[in-house]
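Asks: One structure is given below, represented as structure tokens, and several questions about it will come after.
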Amino acid sequence: MILEIADIRIPAGQNAAFEEAIAHGITTVASRSPGFLGYQVHRGVENPQRYVLQIRWNTLEDHTVGFRQSPLFAQWRAIVGPFFDGPPTVEHFELVTQSA
């Protein structure tokens, strides 16, 4: 399993609209991509214009090739991209250990 983490910044005052858009974009677009396993979205407490999106993928290629190089990615960006206050920082992680 691969964990994609996207650090997203949005303009002030756009929280409600962004939160609606990202939930819609994930449930109607990204979740249709093969290898998509689930997601979480977190809003910053100290900086409410900062969000961390976590998406679990079966493999790295499910995200980098299967999703990012598909028409679904353009649909996703059309929904959430207008809210970005600069390009998100995206990184991928592998599980090392976890609690029971």
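Asks: For the chain, calculate the relative contact order in percent as a whole number, restricting contacts to Cα pairs under 8 Å that are 6 or more residues apart.
Replies: Relative contact order for the chain comes out at 47 percent.
Asks: Given labels modelled 7 Å from the Cα in the Cβ direction, how far is it in nm from E46 to H92?
Replies: Result for the modelled spin labels: 3.0 nm.
Asks: Go from 0 up to the bin containing the longest alpha carbon distance in the chain, width 10 Å each, and give me the % of pairs per bin.
Replies: The calculated distribution, bin by bin, is 16, 49, 29, 6.
Asks: Related question: Would you mind working out the magnitude of the charge dipole of segment 2-94 relative to its Cα centre, with +1 at each Lys and Arg C-beta and -1 at each Asp and Glu C-beta, to the nearest 20 Debye?
Replies: Dipole magnitude for segment 2-94 comes out near 200 debye.
Asks: Then there is this: Along the charge dipole of the chain, pointing to its positive end and built from +1/-1 on Cβ of Lys, Arg, Asp and Glu, which listed residue (H24, F36, G86) has its Cα farthest out?
Replies: Of the listed residues, the answer is H24.
Asks: Something else now. Looking only at A16, A74, A30, which one moves most when the chain is put into a Gaussian network model with springs between Cα atoms under 10 Å?
Replies: Highest fluctuation among the options: A16.
The numbers here are math on the coordinates, done by the rules we state, and not lab data. Just so you know, these numbers come straight off a predicted model, no measurement behind them. Virtual Cβ from ideal backbone geometry, glycine too; neighbours counted across all protein chains shown.
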